[in-house]
1. Just checking, does the range 194-203 include any residue being aromatic (Phe, Trp, Tyr), assigned to a loop (DSSP other than H, G, I, E, B) and touching a residue at least 24 places away in the same chain (Cβ under 8 Å)?
2. Just need a number here: residues in the range 371-395 that are farther than 12 Å from PHE136 by Cα and not in a helix (DSSP H, G or I).
3. Residue under question is ILE385, and the condition is that it be modelled with pLDDT of 90 or more, surrounded by 19 or more Cβ atoms within 10 Å (Cβ to Cβ) and assigned by TED's automatic domain parsing to the domain that holds PRO141; does it hold?
4. Would you check if there is a residue in the range 208-224 being assigned to a helix (DSSP H, G or I), small (Gly, Ala, Ser) and under 30 Å from ILE345 (Cβ atoms)?
5. Can you tell me how many residues within the range 338-358 are modelled with pLDDT under 85 and surrounded by fewer than 24 Cβ atoms within 10 Å (Cβ to Cβ)?
6. Within the range 129-180, how many residues are within 17 Å of PRO341 (Cα to Cα) and either outside any helix (DSSP H, G or I) or outside the structural domain of ALA381 (by TED's automatic domain parsing) (or both)?
7. Which of the numbered conditions does VAL28 fail, given that it passes all the others? Conditions: (1) more than 19 Å from the chain's Cα centre (by Cα); (2) modelled with pLDDT of 85 or more.
8. Regarding LEU380, is this residue modelled with pLDDT under 85, on the phi < 0 side of the Ramachandran plot and within 19 Å of the chain's Cα centre (by Cα)?
Amino acid sequence: MEENAQFSPGSQHAGDAGYKWRVLATVVFGLFMVILDSTVINVALKSLQQHYSVSTSESQWVISLYTLALGIATPLSGFLGDRFGVKRIYLLGLALFVLGSLLCGFAPSLAFLIGARAIQGVGGGISLPLGTALLFRAFPPRERGAAFGIFGIVLVFAPAIGPLLGGWLVDRDLLSWIFFLNLPIGIIGLTIGTLFLREAPGSAKVRADIPGIILSALGFGSILFAASIAGEQGSGWTDPRVIAGLVIGLLALAVFSIVELRMPDPLMDLRLFGIPSFAIANVASMVGTIALFGAEFLLPLYLQILRGQSAFQAGLILLPLAIASAFSSFIAGRLADRIGPRVPIVLGFILIAYNTYQFSQIKIDTSINFIIFLLVLRGLAVGLIIQNSQIAALLDVPLSRLNRATPLVQATRQTMQSIGVAVLATILTAAITISMPKNIPSGGDISKLPPPVRQTVLNGIHQFQSQYITGLEHAYMATFIIALVAILLSIFLPGWPGKYQSSAKKEAPAVEQPQPSQVG
């Protein structure tokens, strides 16, 4: 009988009860670097543009190609872990990320920097899903909530302090250090991973799925490329490159699905969607991802463009969201250990829906204190959802298929997040028919202009602000509707309290037991 990720006859590493906590420390330290870097770079784009004397669209490829590499590498991680061993490939991913960071810091040109960012993306795409698999394997079911709750603190804190660190370094003209700061963190992560992690050897019987590798790279890569062009680079959905990317990507993924279902060793095991808990949790997570990250994308724009906050100031305002998320994630993890993941997720999405509606009503003069209050509520909701949704998805997955399940969860989340950002950006910009005038004089200078000219300038500013607020309202209302759909889907997730508790008491916990014959 195949062991599943919730229940199996196994017992934990005999004589070494502390191993699971060393795994947690290793994964937290290693992935903190990867997650931190994803947001540090955002506040440095303008400085990079000036440093390399390039256009905005050119500098945007620093983020776009990283996203592409991340999305293409993620599906490969499961096969590589099964073939060569999870520990070995996880550490390889961290090493690639450290190497990419070093090259980024010394990049003599934008093209070199973009190439180095692609190396970072490959490293991140490999290490993120395998880190999750390592964590899930090490802990028995009744302790996974607590473990993922602690891991969730990293997931929410790293993106929050990223803009603060990035803004601080850019303000002090330490541009290279937005990449160099990864080096000490990564080296420590590699060191403790080498010392602490146990390797379960790979299996030479696991064959490379060449058609799957090609089709997944083409499919996910094309869709992420289209989303990047439409959203991050502001070209819109009617751009020929966007249309071509979506058509090619969807066709490639359709063929990919047919091929994978017929392969004995598929790159991405789509048969996992035959497990009800995995299928429902993934669909809910895909929909919920857009609702979860809507405020994180839209609100910094509002604070900087309409409220005149610097990137560093906007980061400080957003910090309570991370603090609340960290607190909520820790509590929600322990709650899930007692009653299962469904109730916290449902409550989280209800709170997200209410919170998102409130954000749709903000105006140009809304109190910053009220915005911070809304961010705290949102943080509490994010903490309830973000890690419990992974627990719900992996609850009934066999341990032998876990290395293939985590990349599938990660790939769908990444794709939906990129598409969601692009859609929200399109909704926002669709309401804006004029551009904010550049080089507007300061308030004192405006007052010295002739009355007709002054009134024209002020009218233009007010019109832009009004249209921007309208765009925000439309984007948040779209996110609100998505949150309602996520609530309905999450009701069908596994793990109602009574069933979860009674089932967990009947069976022994499923945890990894490295043996010479085990596939990693």
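1. No.
2. Matching residues across the range 371-395 total 1.
3. No, not satisfied.
4. Taking the range 208-224 as the starting set, the residues that turn out to be assigned to a helix (DSSP H, G or I) are 210-224.
Going one step further and asking which of them are small (Gly, Ala, Ser), we end up with 212, 216-217, 219, 221-222.
Those still in the list that are under 30 Å from ILE345 (Cβ atoms) too: 216, 219.
Within the range 208-224, one or more residues are assigned to a helix (DSSP H, G or I), small (Gly, Ala, Ser) and under 30 Å from ILE345 (Cβ atoms).
5. 2
6. 2
7. (1)
8. No, not satisfied.
The values are calculated or read from the model by the stated rules, or taken from the named source; none is laboratory data. Not measured: the values here are computed from a predicted model. Please note: Cβ atoms are built from the backbone with ideal geometry, for glycine as well, and neighbour counts cover all protein chains shown.
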